[in-house]
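The values are calculated or read from the model by the stated rules, or taken from the named source; none is laboratory data. The model shown is predicted, which means the values in this text are computed figures rather than measured ones. Here the Cβ is made from the backbone with ideal geometry for all residues, glycine too, and neighbour counts use every protein chain on show. Just the protein is used for accessible areas: all its heavy atoms, side chains included, with ligands, DNA and RNA removed. Shrake-Rupley method; radii C 1.70, N 1.55, O 1.52, S 1.80 Å.
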Amino acid sequence: MKQNILPAIRLTIVCMVFFMGGYTLIVWLTAQAAPGKGKGETATAHNRTVGWKLLGQKFTDDKYFSSRPSAVDYHADGSGGSNKGPTNPGYLKTVEDRIDTFLVHNPGIQKKEIPSDLVTASGSGLDPHISVQGAYVQVKRVAVARNIPEQNLKELVTKHIDDPLFGLFGTERVNVLKLNINLDKMKK
Amino acid sequence: MTTEIAGIIFMYAFTLALAIPIGRYIGKVYEGEKTWLDNILHPLDKIFFKLGGINPINEMNWKQHLAALLTINLVWFILSMLILMNMGWLPLNPDDNPSMSADLAFNTTVSFVSNTNLQHYSGETGVSYLGQLTLMLFQFISAAAGMAACATVFIAMKERTTENLGNFYNFFIKSCTRILLPMAIVVALMLVFNGTPMNFEGKAQYISLQGDTVHVSRGPAAAMIAIKQLGTNGGGYYGSNAAHPLENPNYFTNIVENISIILIPIAMVFALGYIIKRRRFAWMVVGVMTLGFLFLLFNAVYNEMHGNPMISRIGISQPLGSMEGKEVRFGPAASAYWEVTTTVTSNGSVNAMHDSFTPLAGMSALLGMMVNSFYGGVGVGYLNFYVFIIIAVFISGLMVGRTPEFLGKKIEAKEMKIASIIALLHPLLILSGTALASYLYAHNPDAYSGWLNNPGNHGFSEMLYEFTSSSANNGSGFEGLGDNTPFWNIACGTVMLVARFLPIIGPVAIAGILAHKKFIPESAGTLKTDTGTFGIMVFAVIIIVAALSFFPALTLGPIAEHFGMK
């Protein structure tokens, strides 16, 4: 113990300087060359910042495509999931309530057409995406609310489908913020 | 669907392809051989040695190794307590986050010093930037301490008869500078260029498209995320860990981060093969680990991609699979793959909420941590496996009537006693902890109603998971558990402390004692340890000792929940 305590303290101080200081500095400096300079990339519409490209946000208006439910109400300073277990009766009731709400807002849609991602909360509470089916199933509602032909909206959604990585790995998905920004730009 | 499966097959294949050369590199580092990074990193090591006052060629025996390791951990413990309990008024705190209470600071300190990274706080609100950087420091040095202990065992296995097992500080510093640092820089850069924040500013604010005001937490995230993935730490920058879109922006970063989880644990085994010049032995170890891993993986992926039967019954479609607690950009397959990789190693970062997994997939996570050596943590994973090897050698020796020998050394009563104690420690800590918590809850459900987020068997699983994760030094959680209370902070802190250091002390002691013994050359009577037969033997020992001791608890938790769904 005695012959170890001094090297232990000295070495810890060196590690503090190097890893908390040096390593952090290296990463910070290179971040200055990255898009957004390590401060995060924002999205712009209507001549103002309307969000962060990577972060999902809440859309409750029928005129917009909705994001997934969020356990933290899309607060980007306190992320989190619901942590509800798969068989929890209270949780299953919540899901059924969300389905009922969805059906009220989307007349003409049948229950079995609703994909589960639209009625389950994401892990972060900030999921920026919905599934492809989740976007198409909302087209009818948005078309009525905006008085735009359904066909035009379907084409817009199709244009916003993000392919799997290199077309090979992962999921197909739709970024809700991007879709809604371009939706606002559409002419009637 | 097929692209999701392709994604996880690619990740595993690519990890294995990287692990072989990196394993050889790690072997060279510990052997002190020349590597291509010498020119850059040699001067850096020299600075560390000089300022630290260390003579790297000063050889130590196994007791000196352990003394050095434990002393430096004590220093880290004090340092961390001081910073976490005072960070509220210290610099680098733009969001005015508070200092930690004593019990939370104890839990967090033990958690990060022990390479566990169990988090009873939330990153956005619970720590300042100075706190985050301090925790990041521990992500480097606690991982390196585990690797240094593992290197000691490697050297002990190699030597014929010796007391001298290299220098602890030498292994420690080289693990930091030669292995963790270069890899962390590469991973951090990939993250930064994909949008992960790296700055020192406070929260940002914006007004959303439909007019809500939103605050966004930022900070030096990329640097921390890189090392928490590589060092089997897992402590996330943000509360929701790698599910957070800033912590893990897209499928590419998901691949990078997920490969980082198991790369070093697998590479360490190949490093062993390189150091002791027994490639076949290394492949035997990797084979056994992989067999267990694939079994858990298949179970998790199958159940998650099939979706939650209770949701199917409601009558909506589940085109992707079970989606509660998951992100669309990863999907159930990549989430289940991450879940298994993060629990078989002692990483514990998550890209989906484990609490919401289907019961049997959740059991895969539990089993991965209960065995804790299908790859295992950086360094310590192999140490756990080493204990199982010793037991397997002893049992096989008894079965065929030969003296149990391992790599030319006789295994006798003393080593067996240590190995058995270490093997039984893990079930003891988990089961007695869970039993205590269940007892408290069952006898006074009103007083502890804040604990459980889910009723019935799933609530039991939440408590079982927390103790399993603590004892496995994993750090993931069924996060529904209301765990920032003095009971959970102190109980889990104590479990993490015991479960970190005894399983390091035990194997290093065994290896040190064995290294000291007389070398017996291989003969016709020697039990071969680099064969498939012996591999099956080790696997059987793991199943019997580790998995079956937990079977009753698993029956009360995930298994009962699964059959309750029908």
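Structure data summary
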quantity	calculated
Gap separating the Cα centres of segment A:17-45 and segment A:151-188, nearest whole Å	29 Å
In nm, spacing of pseudo-spin labels at B:PHE298 and A:LEU6 (7 Å Cα→C-beta vector)	5.9 nm
Rounded percent of accessible protein surface that carbon and sulfur make up, the protein assembly as shown, 1.4 Å probe	64 percent
Estimated inter-spin distance, A:GLN32 and B:LYS528, nm [label 7 Å along Cα→Cβ]	6.1 nm
Mean accessible surface per residue for segment B:420-465, computed with a 1.4 Å probe while every protein chain stays in place, in Å²	46 Å²
Part-to-part distance (alpha-carbon centres) for segment B:511-560 and segment B:375-454, which is given in Å	11 Å
Residue-averaged [θ]222 nm for chain B, counting only DSSP H segments that reach four residues, each worth -39500 (n - 2.57)	-20500 deg cm²/dmol
Mean Cα-pair separation over length for segment B:2-564, i.e. relative contact order, pairs under 8 Å, 6 or more apart, %	19 percent
Degrees, to the nearest 10: B:359-371 long Cα axis against longest axis of chain B	30 degrees
Eligible aspartates and glutamates near A:LYS111 by straight Cα distance, threshold 15 Å, same-chain separation 8 or greater	A:GLU96, A:ASP97, A:ASP100
Solvent exposure of segment A:40-185 as accessible area per residue, Å², 1.4 Å probe	41 Å²
Residue of A:LEU165, A:LEU126, A:LEU103 that the Gaussian network model of chain A assigns the largest fluctuation, springs spanning Cα pairs under 10 Å	A:LEU165
Only Lys, Arg (+1) and Asp, Glu (-1) charged, at Cβ; the protein assembly as shown dipole about Cα centre in debye	1640 debye
Pairwise burial B:A, computed as accessible area of each alone minus the pair, summed, 1.4 Å, Å²	8300 Å²
FRET efficiency for B:ASP446 and B:LEU398, using Cβ-Cβ distance with R0 set to 45 Å, rounded to 0.05	0.30
Residue (of B:ILE264, B:SER549, B:GLN205) at the positive-pole extreme of chain B, dipole from beta-carbon charges	B:ILE264
Percent RCO, i.e. relative contact order, over chain A, from Cα pairs under 8 Å lying at least 6 residues apart	20 percent
Degrees between helix B:380-400 axis and first principal axis of chain B (Cα, 0 to 90, nearest 10)	50 degrees
Inter-site label distance for B:LEU291 and A:GLN110 at 7 Å from Cα along Cβ, in nm	4.9 nm
In segment B:1-54, trypsin sites (Lys or Arg not before Pro) in a DSSP loop with at most 15 other beta-carbon atoms within 10 Å	B:LYS34
Neighbourhood net charge (15 Å Cβ-Cβ; Lys/Arg +1, Asp/Glu -1) for B:GLY53	+3
Entries in B:LYS28/B:LYS528; B:LYS63/B:LYS174; A:LYS53/A:LYS159; B:LYS174/B:LYS203; A:LYS63/A:LYS112; A:LYS2/B:LYS46 that, when Cα-Cα distance is taken, lie over 28 Å	B:LYS174/B:LYS203
Gain on full stretching of the segment that runs from B:THR125 to B:THR213 - 0.36 nm per residue minus C-alpha separation	29.8 nm
C-alpha long axis of helix B:279-305 to longest principal axis of chain B, angle in °	20 degrees
